[in-house]
Amino acid sequence: MSNLVNITEAAAFQIKDMMKEHEEESAYLRVGVKGGGCSGLSYGMGFEHEKSEEDTELELHGIKVLVDKESAAIINGTVIDFKQSMMGGGFTIDNPNAIASCGCGSSFRTATNEGTPEEC
C-alpha cells in the first residue's frame with residue numbers, strides 16, 4: 001500500500017462500478033485538493049485521461065490514481081473509504097493533515113495551507 005493516498009476495498013469497488021457505468025474503465029482517477037469550501041480547501045475526485053509531469057501515479061486495487069504535486073503534500077496519508085448507510089452511500093476522506101474541517105466534511109485546512117475560505 002502506498003502512503004500518499006490509500007483507497008479501501010469498499011471505495012475501490014464503488015469507483016470501479018462508476019468507471020464501468022460511465023464507460024471510463026481506461027481512465028485515471030484524479031484525487032486532488034482545490035481552494036474553496038468553508039474551511040479553505042476542498043477535495044476533488046474525478047476521471048482523467050491525461051497524465052501530466054506534475055502527477056504522481058499510483059496503482060490501488062487495480063485503479064490508476066493520479067495526484068498532482070501541489071495536492072500530494074496536503075493529502076499525504078489520506079484514506080478514501082466508501083460507507084453505506086440508510087440514507088445511501090458516500091465517500092469518506094480521512095486526512096491526517098487536516099487540522100480544521102467543516103460539518104459537511106468536504107472542506108478542511110492544514111497547518112501550512114489555509115486555502116481560500118468561503119462562507120458556508
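List of remarks:
- Taking region 1-97 and the strands (runs of 3 or more DSSP E) fully enclosed by it, the elements with 1 or more residues that are touching a residue at least 60 places away in the same chain (Cβ under 8 Å) are at 5-7, 28-35, 41-48, 63-68, 78-85, 88-94.
- Condition check for residue 99: β-branched (Val, Ile, Thr), out of contact with any Cys (no Cβ under 8 Å at 6 or more places or on another chain) and at pLDDT below 90: yes
- Failed item, numbered, when residue 56 is tested on (1) modelled with pLDDT of 90 or more; (2) of a type in the set (Val, Ile, Thr); (3) surrounded by 16 or more Cβ atoms within 10 Å (Cβ to Cβ): (3)
- Evaluated against (1) aliphatic (A, V, I, L, M); (2) surrounded by 11 or more Cβ atoms within 10 Å (Cβ to Cβ); (3) at pLDDT below 90, residue 79 falls short on exactly one condition, (3).
Results for (1) surrounded by fewer than 17 Cβ atoms within 10 Å (Cβ to Cβ); (2) within 11 Å of the chain's Cα centre (by Cα); (3) not basic (Lys, Arg), shown as yes or no for each residue.
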| site | (1), (2), (3) |
| --- | --- |
| 16 | yes, no, no |
| 23 | yes, no, yes |
| 33 | no, yes, yes |
| 43 | no, yes, yes |
| 69 | yes, no, no |
| 87 | yes, no, yes |
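The values are calculated or read from the model by the stated rules, or taken from the named source; none is laboratory data. Small disclaimer: the values here were computed from a predicted structure and weren't measured. Using ideal geometry, Cβ is built from the backbone for each residue, glycine included, and neighbour counts are taken over all protein chains shown.
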